[in-house]
Amino acid sequence: MSEVKLVAETRSEFGKGAARRIRREDKVPGVLYGHGTDPVHVTLPGHELLLALRTPNVLISLDVDGATELAIPKAVQRDAVRGHLEHVDLLLVKRGEKVNVEVMVLTEGDLAPGNFLLEHVLNTLPVLAEATHIPESFTVSVAGLEAGASILAKDVTLPAGVTLDVEDDAVVIQVLSAQAEEAPAEGSGDEASSEA
């Protein structure tokens with residue numbers, strides 16, 4: 001996993017007015033917290049942060065007033081209409097430290113021939129991973145699976161140093177039989193009666 005370097009400025013103004021002023025300058029207000037320290041309110045460069053957040057569980061190296069801190073995003077608020085970043089919460093991490101994260105589960109391969117549906121019960125898999133080695137995603141094969149088959153959390157291959165943060169028998173993906181639509185019965189349409 002690569003690190004993204006960003007320069008953050010500490011901020012002392014709070015509230016909606018201050019947040020609007022920050023966003024007008026193409027910056028994003030945020031909070032940096034963790035390790036028992038007091039939260040630090042920061043302003044981050046908007047475009048660079050947006051690009052960094054395209055990578056799930058990205059590791060961000062922050063230059064905050066000359067001090068370098070490592071952090072991962074914990075909560076990101078976006079404008080519901082425009083999609084612009086509104087606010088971000090960043091969790092301080094240290095090299096070698098394990099963190100709880102959710103990693104996307106992807107599938108590969110084709111199901112067995114037939115009318116089957118693939119249901120993602122868990123789109124992300126909760127795991128415990130070293131902060132500097134968080135996997136971007138897990139890929140599982142669904143090749144040849146039929147209705148009734150399922151992939152459990154313990155069936156997902158994890159890289160070294162990554163452990164499940166969910167029950168081993170939690171269903172991640174299952175295969176269902178597609179239900180065929182019933183054809184409407186003949187003569188049940190909206191036919192007008194000609195009887196008087």
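The values are calculated or read from the model by the stated rules, or taken from the named source; none is laboratory data. Predicted model only: the values in this text are computed from it and were never measured. What goes into the accessible areas is simple: the full protein's heavy atoms, side chains included, and nothing from ligands, DNA or RNA. Shrake-Rupley method; radii C 1.70, N 1.55, O 1.52, S 1.80 Å.
Taking 0.36 nm per residue of sequence separation and removing the Cα-Cα distance, the THR124/THR68 pair yields an extension gain of 17.2 nm. Calculated accessible area for region 1-82 comes out at 60 Å² per residue, all protein chains present (probe 1.4 Å; ligands, DNA, RNA ignored).
How much mean residue ellipticity at 222 nm does the chain get from its helices, if each DSSP H run of length 4 or more adds -39500 (n - 2.57) and you divide by all residues, to the nearest 500 deg cm²/dmol?
Details: 2 runs with 16 residues, N = 196.
Here the helix-only value at 222 nm equals -2000 deg cm²/dmol.
Measuring only protein heavy atoms, the 1.4 Å probe finds LYS98 accessible over about 100 Å².
Multiplying the sequence separation of THR163 and GLU146 by 0.36 nm and subtracting their Cα-Cα distance, what value in nm do you get? Could the numbers behind the result be given before it?
Working: separation 17, 0.36 × 17 = 6.12 nm, distance 2.82 nm.
The span from THR163 to GLU146 would gain 3.3 nm if fully extended.
Ligands, DNA and RNA aside, ASP63 has an accessible area near 60 Å² when probed at 1.4 Å. Counting only heavy atoms of the protein chains and using a 1.4 Å probe, GLU102 has close to 110 Å² of accessible surface. For region 3-47 versus region 53-119, the spacing of their alpha-carbon centroids is 18 Å. Both the radius of gyration and Dmax for the chain are 24.2, 91 Å, in that order, over alpha-carbon atoms.
Among PRO159, PRO29, PRO56, the largest mean-square fluctuation in a Gaussian network model of the chain (Cα springs under 10 Å) belongs to PRO159.
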